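Structure record follows, encoded as structure tokens.
The values are calculated or read from the model by the stated rules, or taken from the named source; none is laboratory data. All figures in this text were calculated on a predicted structure; none of them were measured in a lab. Every residue, glycine among them, receives a Cβ derived from its backbone with ideal geometry; neighbour counts consider all protein chains shown.
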Amino acid sequence: MMHDDEQPRLPQNVYFQFFNEIGIISQLGSAIMEALLPPGFLISHFSVLNHLTRVCDGRTPLEIARAFQVPKTTMTHTLSGLERHGLVQLRPNPKDGRSKQVWLTDAGRQFHLEAIRNLDPQFTKLNEAFRPDEIAGILPVLVRIREYLDGMRNGE
């Protein structure tokens, strides 16, 4: 029995379960993606290429590290691998002579597109289990949650 001064209990387990399921889906999706990448490439490499494609290249390594919430040294290592393979190019930052900017190369853009194309058989299987409108239906909520959490991270 609830008293007048008591708040209804929030379904906290729902929030934990929600993030737990997303975490598991992320791990499974990353494993599928990584298995389809050429030898020597990791999901972290693809993720950086995907990020630069999505938000526009020309970011500094520090900006990218912050976006991924990893130390700058970790991001520098990932970027070195991408640069070694000719997928990104690090150029001096014209606004700040000490830092660099990361630019996708044509090979990097092609690598990104091919990696996504390699997922087609997996997407076909997913389509057999879940209609595209089902997936599209949950995307707006996921986008709002991502934007909310991103704002929290940035102190908004």
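Please state which of the following conditions Arg54 fails to meet, knowing it meets all the rest: (1) modelled with pLDDT under 95; (2) of a type in the set (D, E, K, R); (3) over 22 Å from Arg153 (Cβ atoms).
(3)
Assigned to a helix (DSSP H, G or I), more than 19 Å from Gly29 (Cα to Cα) and not charged (D, E, K, R), is that true of Thr124? Break it down into steps so the answer makes sense when it comes.
Working: assigned to a helix (DSSP H, G or I): yes; more than 19 Å from Gly29 (Cα to Cα): no; not charged (D, E, K, R): yes.
Spelling it out, it is not the case that Thr124 is assigned to a helix (DSSP H, G or I), more than 19 Å from Gly29 (Cα to Cα) and not charged (D, E, K, R).
Consider only pairs whose beta carbons are under 6 Å apart and that are at least six residues apart or on different chains; among these, list those whose first residue lies in region 109-138 and is in contact (Cβ under 8 Å) with a residue 12 or more places away in the chain and whose second residue is hydroxyl-bearing (Ser, Thr, Tyr).
His112/Thr53
Residue pairs, Cβ under 8 Å, 6 or more apart or interchain, first in region 38-62 and assigned to a helix (DSSP H, G or I), second among the polar types (S, T, N, Q). List them.
Cβ pairs passing all conditions: Ile43/Ser30; Ser44/Thr78; His45/Thr78; Val48/Thr78; Pro61/Thr76; Pro61/Ser99; Leu62/Ser99.
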